[in-house]
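So the structure is just underneath, and the comments pick up after that.
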Amino acid sequence: MTSASGVLTSKQSQTATIQAHLDEAIEGLLASLPAPQQVSADQRRGIIARYSAVLEGNFIYWMTGAYLAVGTDEARAKIIENLREEVRDCHPGMMRRFALAAHAVPTEADAQAVYQNLMNVRLFIGKLSPVPIVITMAFFEGFIQRFMPYLAELAQRQGSAEMEYTDVHGVCDITHTQELFRALDAEIALANGSVASDEIFEGVTLLQNLIRNIVVND
Ligand SMILES: [Fe+2]
């Protein structure tokens, strides 16, 4: 995916390579999840609470950062579609109802547990680097979709039947994913080789650390 000079250049195949890297990162995270039946009630509550502490107040903000960062119509159209759905259907409210019904509303200690890793992702988003930010959001969306059955099972074990959040976010939309990677293609073409290879997965790495921190509070 990188040229001899170590910069990302504009070729369709690079998007496929990036997608493969993201799929691998997602599989790795899913494989590291403890089996729901082996998770204690306290850990179960903690995972849902830390996930909510991160998602409820940050997802729209990060997507907005992506919108401000990108420079192509393809990417803007894709991000706007996502933001419209988030706001119109009040996804933060959906997230809150999910946590409430699972008796897992984030406490001060839950917010503190993810503080540093969350801050790292926030600062990355603030750099407004178009290609790395679109890659990061593609990774996050892909992960969330695959994580929903697990999160739903934890909530069920908490005695909850409120599954709107996990139902809405667990849908595998192939057209949406294709459009997202076409938007990435357009942003790579616009960057025209100006993205250093050590920068393209910076946000993905920070987000992986944050997700591990959500699952295991250490
Ligand atoms: Fe959402």
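Rule-based calculations on the coordinates, nothing more; no lab input. Owing to the predicted nature of the structure, the values given are computational and were not obtained by experimental measurement. Note: ideal-geometry Cβ built from the backbone for every residue, glycine included; neighbour counts use all protein chains shown.
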Can you tell me the 0 to 90 degree angle between the C-alpha axis of helix 202-215 and the longest principal axis of the chain, rounded to 10?
10 degrees
Restricting to Cα pairs below 8 Å that are 6+ residues apart, what does the relative contact order work out to for the chain? Please round to a whole percent.
38 percent
Positive end of the dipole of segment 7-215, charges at C-beta (+1 Lys, Arg; -1 Asp, Glu), about the Cα centre: which of Ile211, Ala161, Val39 has its Cα farthest in that direction?
Val39
On a 0 to 90° scale, report how tilted helix 91-101 is relative to the longest principal axis of the chain, with both axes built from alpha carbons and the result rounded to the nearest 10.
30 degrees
Between helix 130-157 and the chain, what is the angle of the helix's C-alpha long axis to the longest principal axis, kept within 0 to 90° and rounded to the nearest 10?
20 degrees
Residues with amide H under 5 Å of Val195's amide H, sequence separation 5 or more or different chain, H placed in the peptide plane at 1.01 Å from N; which?
Leu8
Just report the Cα centroid separation between segment 92-130 and segment 147-179, whole Å.
17 Å
Expressed as a whole-number percentage, the relative contact order of segment 25-101 with C-alpha contacts under 8 angstrom and at least six residues apart is 37 percent
What is the Cα convex hull volume of the chain when expressed per residue in Å³?
111 Å³
Quick check: residue separation of Thr64 and Gln116 times 0.36 nm, minus the Cα distance between them. What number comes out in nm?
16.6 nm
How many nm is it between the label spots at Cys90 and Thr205, if each spot is 7 Å from the Cα in line with the beta carbon?
4.1 nm
Where is the GNM fluctuation largest for the chain (alpha-carbon springs, 10 angstrom cutoff): Val204, Val168, Val121?
Val168
Per its Cα gyration tensor (rounded if a/c is under 1.5, else prolate when a/b beats b/c, else oblate), segment 102-218 is best filed as oblate
